[in-house]
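What follows is a short report on a single structure.
The values are calculated or read from the model by the stated rules, or taken from the named source; none is laboratory data. Please read these numbers as outputs of a predicted model, since none were measured by experiment. Glycine gets a Cβ as well: all are built from the backbone with ideal geometry, and neighbour counts include every protein chain shown.
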Amino acid sequence: MFHFISGLPRSGSTLLAAILRQNPDFHAGMSSPVASLFDGIIAQVSAGSELASMVDAGQRERLLRGLFESYYADIDRPVVFDTNRAWTAQLPALMKLFPDARLICCVRDVAWVMDSLEKQYRANAFEHTRLFNSPAERSTVYTRVEALSGANRLVGYAWHALREACYSEHADRLVLVDYDLLTARPADVMGLLYQFLEREPFAHDFDAVAYDSPVFDQHLGLQGLHKVHPVVKPRPRKTILPPDLFARYANMAFWRELSDSRAFRIVVEQPKDAPRQATELPAAPPPA
């Protein structure tokens with residue numbers, strides 16, 4: 001059986017995968033290449049391609065399902081969680097292939113997502129990470145955050161795709177998991193997740209969680225990006241973003257007051273007297 005992990009970057013997807021893989025019935029890891037290969041296959045057989053007339057709907061479905069089966073052929077566990085931020089934008093196709101699948105979408109205040117990425121950038125001060133496409137983009141914290149918030153970039157794309165999924169006809173296949181709740185109350189969160197997945201509870205060890213991918217992180221130019229702390233607990237700290245920049249992204253958590261959506265949520269509720277959150281990712285102002 002296939003399930004999926006998606007949502008925002010720097011929101012606990014690798015941590016969640018590290019916890020899930022403690023269960024001998026589960027396989028989970030960091031983002032896989034399956035989503036990119038999935039989209040590539042669809043592109044090769046879509047209208048405008050010389051192959052389109054040679055591959056009918058049934059063949060397309062078998063090709064796409066075969067991609068999953070081939071990639072995970074060596075995994076001898078009954079449940080596989082594939083992780084990728086693109087899955088929230090591929091729900092119609094996923095639900096046709098795997099009608100019983102569930103999506104776990106990791107979320108976190110967007111301001112703290114930006115803060116976490118900036119922290120990783122500064123920790124690799126002697127590296128030009130592949131997160132940015134030009135010297136102009138990486139020049140200041142303002143240009144870096146603006147680049148990441150673009151509609152087709154790391155944070156902006158994931159935010160828009162998640163919002164689309166939450167209001168889609170398949171929203172009831174989603175559960176949103178707040179990073180702060182996962183780190184503060186991991187046993188409670190995992191208990192609710194097992195209910196959502198309709199699986200028997202498992203006794204996870206939240207003091208011995210392990211995951212790292214140094215080769216992948218080195219290729220990206222961000223050492224330690226996917227290294228998980230062994231003990232699951234909150235690690236509060238002061239933001240390293242300028243106050244004005246942090247404030248621009250501090251009210252983007254639309255999932256805390258998710259009206260007219262059938263998505264399930266394991267999140268902190270939005271206070272009733274809190275300011276209304278924005279409905280679009282704002283662009284950061286250019287540096288003065």
So R163 passes all but one of these: (1) assigned to a loop (DSSP other than H, G, I, E, B); (2) touching a Phe, Trp or Tyr at 6+ places or on another chain (Cβ under 9 Å); (3) within 16 Å of W87 (Cβ to Cβ); (4) not hydrophobic (A, V, I, L, M, F, W, C). Which condition number does it fail? (1)
Do we find that N152 is surrounded by fewer than 16 Cβ atoms within 10 Å (Cβ to Cβ), closer than 25 Å to A247 by Cβ and not charged (D, E, K, R) in this structure? yes
Residues of the stretch 64-93 satisfying the condition of being surrounded by fewer than 23 Cβ atoms within 10 Å (Cβ to Cβ), in a helix (DSSP H, G or I) and in contact with a strand residue (DSSP E or B) (Cβ under 7 Å, 6 or more places away or on another chain): F68
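Only one of S49, S31, S6 is part of a loop (DSSP other than H, G, I, E, B), among the small types (G, A, S) and touching a residue at least 24 places away in the same chain (Cβ under 8 Å). Can you tell me which?
S31
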If I filter the stretch 60-73 for residues that are under 25 Å from the mean Cα position of the chain (by Cα), under 18 Å from G12 (Cα atoms) and of a type outside the set (G, A, S), do I get at least one hit? no
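Name the one entry in S32, S70 that is touching a Ser or Thr at 6+ places or on another chain (Cβ under 7 Å) and at negative phi.
S32
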State whether one or more residues within the stretch 172-185 are in a loop (DSSP other than H, G, I, E, B), free of Cβ contacts under 8 Å to residues at least 24 places away in the same chain and over 16 Å from the mean Cα position of the chain (by Cα). yes
Would the stretch 98-106 turn up any residue that is within 22 Å of H229 (Cβ to Cβ) and at pLDDT below 95? no
